[in-house]
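Worksheet for the structure shown next.
The values are calculated or read from the model by the stated rules, or taken from the named source; none is laboratory data. Here the structure is a predicted model, which means the values were calculated and not measured. Cβ: placed from backbone, ideal geometry, glycine included. Neighbour counts: every protein chain shown. Heads up: the accessible areas ignore ligands, DNA and RNA and are worked out on the full protein's heavy atoms, side chains in. Shrake-Rupley method; radii C 1.70, N 1.55, O 1.52, S 1.80 Å.
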Amino acid sequence: MARKPLAIAVTGVLAAMASTWAQAQNTDDPVQLETIKVVAPGQASLTVPSLPEVKATMRQVPGGANVIDSESYATGRASTLQDALGYSPGVFVQPRFGAEEARLSIRGSGIQRTFHMRGIKLLQDGSRLNLADGGGDFQAIEPLAARYIEVYRGGNALQFGSTTLGGAINFVTPTGYDAERFRARGEAGSFGYNRLMLSSGGVHGSLDYFASVSRYSQDGFRDWSEQENWRMFSNVGYRITPDLETRFYLTYTKTDSQLPGNLTKAQLRSDPTQANANSLMGRQKRDFDLIRVANRTVFKLGNSQQLEFSAFYSHKQLWHPIFQVLDQPSHDYGLGLRYINEMPIAGWRNRFVAGFEPTWGTVMDNRFVNVGGRAGARTAKFDQDVSSYVVYGENQFYLLPELSLIAGAQYTYTTRKQKDLFTAGALDRSKNYQRFTPKAGLIYELNPEIQFFGNVSTSFEPPSFSELTAGPVIAPVFAKAQRAITFEVGSRGRLFDMAEWDIALYRAHVRNELLALVDPVTSSPLGTVNAGKTVHQGVELGLDVELAKMFYLRQMYLFNDFKFDGDPTFGNNQLAGIPRHFYKAELTYRHPEGYYLGPNVEWSPEKYYVDHANTVYADSYALLGFKIGKRNKTGFSWFAEARNLTDRKYAATTGVIDNARGIDQAQFLPGDGRSFFAGLEYRM
């Protein structure tokens, strides 16, 4: 039964391809091409590509990559990363407690990290959003302040200097060229949820601007899960000459989040709204203020060459009472230099990209005894420094008009330094990691609408500070960098405006996978170890179908087969934490005047394990929702939606431990119960 969704999906895609192949052989039948909006020179941004330009760029990627138009998730509640990325092929994202903090993973990246993420490079307008050591904060992202979101899975993110197994996600804010002059949006709903956003953009001669301010708060489905966020995103661009533009960005985030913690399965079944007793007693929270400034400058060197420069600086002040109180001010900054050359070589079409990206980060890691959410006696003080230098290049050569070959590589050198400022006579910790990671691929265009692709890539991921060492303080064992080689094949295309698909099949052979050990009682970290051999393989499928010009079926399916490979302790067990099968679908009736309505479903059809020993598991579940509304380009738009209509008790995601020994552990994070939301928006 478990293989049926995959078989049906793949069969449907292959049938669509076969039909299109047959159609392509009939030269009497016209081919419907995508409508492309042409903008006059000087009427679009140089520093931020338009949505049609980004979609065209995606067709030059020899693997899993897609772009998400923010309009696609503005039809309902747009709060969490799941709201924004939930239908993106290959992306598994689940809120931890109906909030912005989430488990975000691509191809099993950072599989043991249910918090802060690791293994994916998050970008804001092309500049790094992660901390320098690889961790990330989702509260710094505002889905409503994005014009579109770029997703590059695995080695397909090389052009952004990403080295990780998961790839990169780039959140791109509007500019004055594509933003509304005025936009106001309000959302409200169950569990005390409310959200308000105001934004404006415009162009005045050679200058354009965009600014947005948003406030979000909720009481939460669970006890001790209140949240409140204030966020501001803004940018100002100036066209110095027709071929030179610079843009400055300013971002501010203030976020306060209560952390209700994990429950046992028995607690989830009896009362999923309760908080973990230790979390409640410790008044566990994650609060921080973030200010970030950045610049992006683009200089076009004729019609075929382009030079891009970027820089950023961010400061975060974190207050984080958990098993200890963490008080961590941090500073991150970096530069980026990128060169693009699309000049033909001896008459052959060619595209070359090269870049250099140095980044630095410092954290003053202060730790105290947690006394009811307040700082007690100091337990540690570390001065942490990270530096990273990445050089990368990629060339795409068109051997035939329909066949291109891609080769690329990057070299990474990074350093982790940790100085103990609290323990007398303690040993300072310092570790360097470096690796050369090549990539090769190809793209074959069957016709202007359909592509097939394949690639082989390598990845390299040093540990973050929290994963750097295990063992005694006086004799720490440094974690090795995780590395992998990934093989990928797939296709993307469109069939006569009726069906559109994006499918990728991949297999990654991972070495030294970073797996964290966690105390099952207190949820305290016990250190990180390197696994021997593991395998990550699966299917990433997005399939959208238009029926009778009135009904639109949007689907996303993931097959995640992540397992140990002959491990001395766990054999060939499944890696814990992510379901093997995951499916989302939405069937919408669309009226020509902008009205829409229809049901949606989220389905995890099999149990999946919480521990690597495969003794405790999360149950399967299916959620049913419904959405209705009207969307207009200008004037008023509105929506109303219901989620989890059957009020199913389920685990949205879980923690990950090594061996639960068959005993029910506090590792389950309940999903929200039945809920209702509505929103009103005005644009001009």
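Observations on the structure shown:
- Segment Ile485-Leu645, length gained on full extension (0.36 nm per residue, minus Cα span): 53.4 nm
- Counting only DSSP H runs of at least 4 residues, each contributing -39500 (n - 2.57), and dividing by the residue count of the chain, the helix-based mean residue ellipticity at 222 nm comes to -2000 deg cm²/dmol.
- For the set Lys265/Lys649; Lys563/Lys607; Lys121/Lys419; Lys549/Lys630; Lys381/Lys419; Lys121/Lys316, the pairs lying more than 20 angstrom apart at their alpha carbons are Lys121/Lys419.
- Projected-area mean, the chain, by convex hull of Cα positions, square nanometres: 28.7
- Candidates Ser217, Pro568, Pro321 compared by Cα position along the dipole of the chain: farthest toward the positive end lies Pro321, with charges placed on Cβ.
- Accessible-area composition of segment 134-198, carbon plus sulfur, in percent [1.4 Å probe]: 58
- The 3J(HN,Hα) values that the Karplus relation (6.51, -1.76, 1.60; θ = phi - 60°) gives for segment 240-256 are, in residue order, 5, 9, x, 10, 9, 9, 10, 9, 10, 10, 9, 10, 9, 9, 10, 9, 10 Hz. Gly and Pro appear as x.
- Taken per residue, the accessible surface of the chain reaches 40 Å², heavy atoms only and a 1.4 Å probe.
- Packing rank of 147-156, 222-231, 349-358, where each peptide gets the mean count of other beta carbons within 10 Å, highest leading: 147-156, 222-231, 349-358
- Positive minus negative residues near Gln574 (Lys, Arg vs Asp, Glu; Cβ under 11 Å): 0
- Between Phe436 and Phe248, full extension at 0.36 nm per residue minus the direct alpha carbon distance yields a gain of 64.4 nm.
- Report note on the peptides 139-145, 411-417, 104-110: ranked by the mean count of other C-beta atoms within 10 Å, highest first, their order is 104-110, 139-145, 411-417.
- Expected-Rg normalisation [2.2 N^0.38 Å, Cα atoms] applied to segment 34-133: 1.26
- Peptides 203-209, 485-491 ranked from most to least packed by the mean count of surrounding Cβ atoms within 10 Å: 485-491, 203-209.
- A simple count of charges around Tyr506, restricted to other residues whose Cβ falls under 14 Å of its Cβ and scoring Lys, Arg +1 and Asp, Glu -1, yields 0.
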